[in-house]
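S.K.: My questions all concern the structure below.
The values are calculated or read from the model by the stated rules, or taken from the named source; none is laboratory data. What you are looking at is a predicted structure, and each value in this text was computed from that prediction instead of being measured. Counting neighbours? That spans all protein chains shown, and the Cβs are built from the backbone with ideal geometry, glycine included.
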Amino acid sequence: MSADGAIETLKVRGPARALAGDVGVPGDKSIGHRAVLFAAMADGRARVRGLSGGEDNRSTIGVLRALGVQIDDVGRGEVDVVGRGLDGLRAAAGDLDCGNSGTSMRLFAGLLASRAFASRLVGDQYLHARPMRRVADPLRQMGARLEGHSGKKEGEVYPPLAIGPLPSGARLQGIRWTSKVASAQVKSAIVLAGLAADGPTTVVEPERSRDHTERMLSYMGAPLTVDGLAVTVDPRGWDGKLVARDLVVAGDLSSAAFLLGAAAAIPGSRVTVRGVGVNPTRTGVLDALRAMGAIIEVSNERIVGGEPVADLTCTGGALRGIRIAGELAVRAIDELPLLAAVAAHAEGDTTIADAAELRVKESDRIAATAAMLRALGVAVEEHADGLTVRGGRGVTPGVVESHGDHRIAMAGAVCALGARGETVIRDTRNVATSFVGFAPSLAALGADIR
Ligand code: S3P
């Protein structure tokens, strides 16, 4: 809600003419969380540049400050973090508010599991509906105390999460954990707990999830090794010090995807987004857009803060429906609502499968995406683990509900670009969790969006 209590909306008027231009995007949300969190655990002061300014990253910064970490705002998207060392956090005076951010809650669960003080992690109504057993089970097996709440699904653990304290002098035990889901949040939580354990800890994933944690912690000198789908931390013989290193956060591919997807959907468009992270564990959206027939050029490739970065140019044309499943679905997990929106503009069916995880994101993204498409006159079938979009039959204007989910709001706006008339996207304040400036960026490319 805005300051006057009204529900915020976005209005999109189509059909959009061909989009054109050259823009940047805010910093990557996943990398931003890790940059400030790991800097807080390091020895020494580090400057983090290129933070998104989005609310999710601000939640992580807020929690760290509550845990006694000095973080100075030194400019737009720029902070100085005074690292307190691996053991330097102190008990907070109250609840630790993760807002809408699942990454904050799960990473902090891992970080706080080894502490001799108690913490309580809370969030907004959407975060309180998200499953935490995936981190509770391994952390408890390591010896941590972690209590959540029961809820919608039998046996599941929901926030708020009460964590710790470990009895003084006690340490977590290293474990080998085979995760049922490919989840970078789960992997990262276990790795962070493992850094403070008495022996090696290994996490094995069914598919490779995003590897920002592995890259950044290795860069800072953590005792971490990767072997196929297994990540191991072994603190034995390590001096327990992470090296404070200045870091520049790459542009967020998950935000750029909405601009590139809009270009793909509107024929004749040519849009460049500069300085975008192209970590291969994240680029499924580019592969999927290419398979649909969009032309994506990658130029000016370089390494920024240990992550590959490039300028991306998308040229829109005739699109065809495709199947997105398996490892491609994992590498495009946050972009699947956007790909479904683009699929409405493609000839034929697009099926998204192996993506049951979408049901437990900021909203049930399978149901919310299907509802968004139906509101815009697109035929869609929902499956337990995905959906099928019947594309190429036209898009009509309508009223779209975000279901409190930034990516549904933005995907709805992209889909509506092809509709003749005005579409209203309702409840869009959440867009600021990840992509501050989404509507102005799309407008700068020529879309009529307010
Ligand atoms: C994230 C991991 C993914 C992703 C989320 C950010 C991260 O979630 O969907 O937006 O920064 O680690 P899961 O770990 O639940 O797959």
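S.K.: Within the set of pairs 6+ apart or on separate chains, which have a first residue in segment 333-350 that is touching a residue at least 40 places away in the same chain (Cβ under 8 Å) and closer than 16 Å to Arg393 by Cα, a second that is surrounded by fewer than 24 Cβ atoms within 10 Å (Cβ to Cβ) and basic (Lys, Arg), and C-beta atoms under 7 Å apart?
M.R.: If the second residue must be surrounded by fewer than 24 Cβ atoms within 10 Å (Cβ to Cβ) and basic (Lys, Arg), the pairs left are Ala346/Arg320; Glu347/Arg320; Gly348/Arg320; Asp349/Arg390.
S.K.: Out of all the residues in segment 377-393, is one or more surrounded by 17 or more Cβ atoms within 10 Å (Cβ to Cβ) and among the acidic types (Asp, Glu)?
M.R.: So far as segment 377-393 goes, no, none of its residues is surrounded by 17 or more Cβ atoms within 10 Å (Cβ to Cβ) and among the acidic types (Asp, Glu).
S.K.: Right, another one. Would you point out which residue out of His345, His406 is at pLDDT 95 or above, closer than 30 Å to Gly268 by Cβ and within 14 Å of the ligand (Cβ to nearest atom)?
M.R.: His406
S.K.: Here is a follow-up. Of all the strands (runs of 3 or more DSSP E) wholly in segment 195-239, which have at least 2 residues that are farther than 26 Å from Val249 by Cα and in contact (Cβ under 8 Å) with a residue 24 or more places away in the chain?
M.R.: In segment 195-239, 201-204 are the strands (runs of 3 or more DSSP E) which contain 2 or more residues that are farther than 26 Å from Val249 by Cα and in contact (Cβ under 8 Å) with a residue 24 or more places away in the chain.
S.K.: Does Arg270 satisfy being closer than 26 Å to Gly412 by Cβ, in contact (Cβ under 8 Å) with a residue 60 or more places away in the chain and surrounded by fewer than 22 Cβ atoms within 10 Å (Cβ to Cβ)?
M.R.: Yes: the conditions hold for Arg270.
S.K.: Quick one: which residue in Ala416, Ala432, Ala443, Ala411 is of a type in the set (A, V, I, L, M), free of Cβ contacts under 8 Å to residues at least 12 places away in the same chain and either in contact with a strand residue (DSSP E or B) (Cβ under 8 Å, 6 or more places away or on another chain) or assigned by TED's automatic domain parsing to the domain that holds Ala379 (or both)?
M.R.: Sole residue among the options that is of a type in the set (A, V, I, L, M), free of Cβ contacts under 8 Å to residues at least 12 places away in the same chain and either in contact with a strand residue (DSSP E or B) (Cβ under 8 Å, 6 or more places away or on another chain) or assigned by TED's automatic domain parsing to the domain that holds Ala379 (or both): Ala443.
S.K.: Considering Gly306, Gly277, Gly317, which residue is modelled with pLDDT under 95 and under 24 Å from Asp22 (Cβ atoms)?
M.R.: One residue alone meets the criteria, Gly317.
S.K.: Let me ask something else. Could you list, in sequence order, all residues of segment 151-176 that are within 24 Å of the chain's Cα centre (by Cα) and among the hydrophobic types (A, V, I, L, M, F, W, C)?
M.R.: Val157, Leu161, Ala162, Ile163
S.K.: Then there is this: Mind telling me which of the residues Arg45, Arg49, Arg58 ends up being within 16 Å of the ligand (Cβ to nearest atom) and surrounded by fewer than 22 Cβ atoms within 10 Å (Cβ to Cβ)?
M.R.: From the options Arg45, Arg49, Arg58, the qualifying one is Arg58.
S.K.: If you take the residues of segment 171-193 that are more than 16 Å from the ligand (Cβ to nearest atom) and either in contact (Cβ under 8 Å) with a residue 60 or more places away in the chain or of a type in the set (A, V, I, L, M) (or both), which of them is farthest from Thr225 (Cα to Cα)?
M.R.: Leu172
S.K.: Which condition from (1) buried (at least 18 other Cβ atoms within 10 Å of the Cβ); (2) farther than 27 Å from Ala182 by Cα is the one that Arg331 breaks?
M.R.: (2)
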